[in-house]
Amino acid sequence: MSSPFNPRPFTDYIIFSPLAAFIYPVHHLLNRLRGPPRLPPPNARPIRVVCISDTHTLEWSDIPDGDLLIHAGDLSNDGSVREIQQAVNWLRSLPHTHKVVICGNHDSFFDVRSRRPEDRDDASSTTSYATVSSSTASLRSLPSDDLDRVDWGDIHYLQHTSVTLTFPPTSPPPPSPSPPNSTTPLLHNNHHHHHHHRTRTLTLYGAPQIPAIAPLGPEHAFTYPPHHDAWTGTVPATTDILITHTPPSSHLDLSPIFSTGCPSLLAETWRVRPALHVFGHIHAAYGLERVYYDEAQRAWERLCAARRPRARLSRFRSLVTGGLRDLFDVAGWVDAARVVVYGVLGIVWAKVWGGENAGCGWMVNAACMYRDEGVLRNKPQVVVL
């Protein structure tokens, strides 16, 4: 059986579920036609967020300019302090005003259970953490007083923590109106509406844990059993940007059918509804999605969840049963219809009635590594908030 992290040919999607294979492009087309899920506040500067992930010791030669740079984990390959510091030094050299980083499963130094022997100060004390359940430890950072061995410089490193960043206005506040006897032309004041006078703040939360959907060695950091809920109630409700290494299920995770994301993380994003959710881990699922947290999205996610168990079946068995199962799946047809109907209603709301999309956002799989070929081909993604 192929690795769950590798892309599957389109024919597999048709074989395993013709209905989901048909609805997938329809759902994403309708989302694109709805327009941006969120606009910058009025009289406030737009914030350019540059998203990268899974660079694995390599350096992208031309990172786009922006106000905020986010790296969603897997800075390194072997997880050593040496490799991590080399990646951090590259990130420190970039000109972005704010930089925020989390670790990934390959960055083993940050999880004391998975550190390389060369990075352990006291091997006897480290091995004592082997008795700590991975499902419990993934919810929090195990005690460690030596994370400062990495020289972060101006970078904010998040590990089950938050940071609030301030973005000053691009121009000073407008002067008070001129008195009647002033010789200043009245038309001069009409140009101030082009400036952005409000200071903005964004709160970011980062967490590294990933579900071990395939056997992973002890060198992989912050893993938890895929059936375990490592997310519910962990993300602060005030989070504007959520940074995780794993994707949520049903979004940029090789869905439908071959989903590798975490259902518990998906439920947490519904609770918090961040303006932006950045992740990586699944190189082959690189991309950007608009999310509206509406009935169309819920129906799509139910379709994906109901078909996820089929990934364990053989192609031959799915070829025989996949279409028949879809044909008699009444709930699946109802959800497919809901994806289309509510998607069209969303377009009418935004384009015809001029309604504003509130509480919506973007999901970005920012993995720069192209599949598992050892080269960076997936371009950094830019989202304007």
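The values are calculated or read from the model by the stated rules, or taken from the named source; none is laboratory data. Fair warning: this is a prediction, and the values are worked out from it, not measured in the lab. For neighbour counting, all protein chains shown are included, and Cβ atoms are generated from backbone atoms with ideal geometry for every residue, glycine included. Each accessible area value is taken on the protein alone, full model and side chains, heavy atoms only, with ligands, DNA and RNA left out. Shrake-Rupley method; radii C 1.70, N 1.55, O 1.52, S 1.80 Å.
Heavy atoms only, probe 1.4 Å: what % of the accessible area of the stretch 206-295 goes to carbon and sulfur, would you let me know? Don't jump to the answer; show the numbers that get you there.
On the way: 1400 of 2490 Å².
C and S fraction of accessible area: 56 percent.
For THR201 and THR170, FRET efficiency with R0 = 22 Å and r from the beta-carbon atoms, rounded to 0.05? Show your work: numbers first, answer last.
Numbers: r = 15 Å, r/R0 = 0.70.
For THR170 and THR201, the calculated efficiency is 0.90.
Calculate what fraction, in whole %, of the accessible area of the stretch 1-116 sits on carbon and sulfur atoms when a 1.4 Å probe is rolled over the protein chains. Before the final figure, lay out each step's value.
Working: 2620 of 4560 Å².
Solvent-exposed carbon and sulfur of the stretch 1-116 make up 57 percent of the total.
With a point put 7 Å past each Cα toward its Cβ, work out how far HIS227 is from TYR370 in nm, to one decimal.
With each label point 7 Å from Cα toward Cβ, the separation is 4.0 nm.
Would you work out which of PRO18, VAL382, VAL81 lies farthest towards the positive end of the dipole of the chain, given +1 charges on the beta-carbon of Lys and Arg and -1 on that of Asp and Glu, about the Cα centre?
The residue sitting most towards the positive pole is PRO18.
Evaluate the charge dipole of the chain about its Cα centre and quote only its size in Debye, nearest 20, assuming +1 on the Cβ of each Lys and Arg and -1 on the Cβ of each Asp and Glu. The partial results should precede the final answer.
Numbers: 34 positive and 35 negative charges, 283 e Å.
The dipole of the chain has a size of about 1360 debye.
So what is the accessible area of the chain per residue, in Å², with the probe set to 1.4 Å?
Details: 17740 Å² over 385 residues.
With all protein chains present, the chain gives 46 Å² per residue.
Taking each pair of different alpha-carbon atoms in the chain once, compute 1/r for the pair, average those values, and report the inverse of that mean as the Kirkwood hydrodynamic radius in Å to one decimal. Working shown, then result.
Numbers: mean 1/r = 0.0444 Å⁻¹.
Computed over the chain, the radius equals 22.5 Å.
For ALA212, what residues show an amide H to amide H distance below 5 Å, using hydrogens built from the backbone and excluding near sequence neighbours?
Here the answer is TYR224, since their amide H atoms fall under 5 Å of that of ALA212.
So how long is each side of the stretch 321-372 along the principal axes, counting just the alpha-carbon atoms, biggest first, in Å?
Projected onto the principal axes, the Cα atoms of the stretch 321-372 cover 43, 40, 16 Å.
Radius of gyration and Dmax for the stretch 250-369's Cα atoms, expressed in Å?
15.9, 49
With unit charges on the beta carbon (Lys/Arg positive, Asp/Glu negative), name the residue among ASN43, ILE102, VAL339 whose Cα is farthest towards the positive pole of the charge dipole of the chain.
Result: VAL339, furthest along the dipole toward the positive end.
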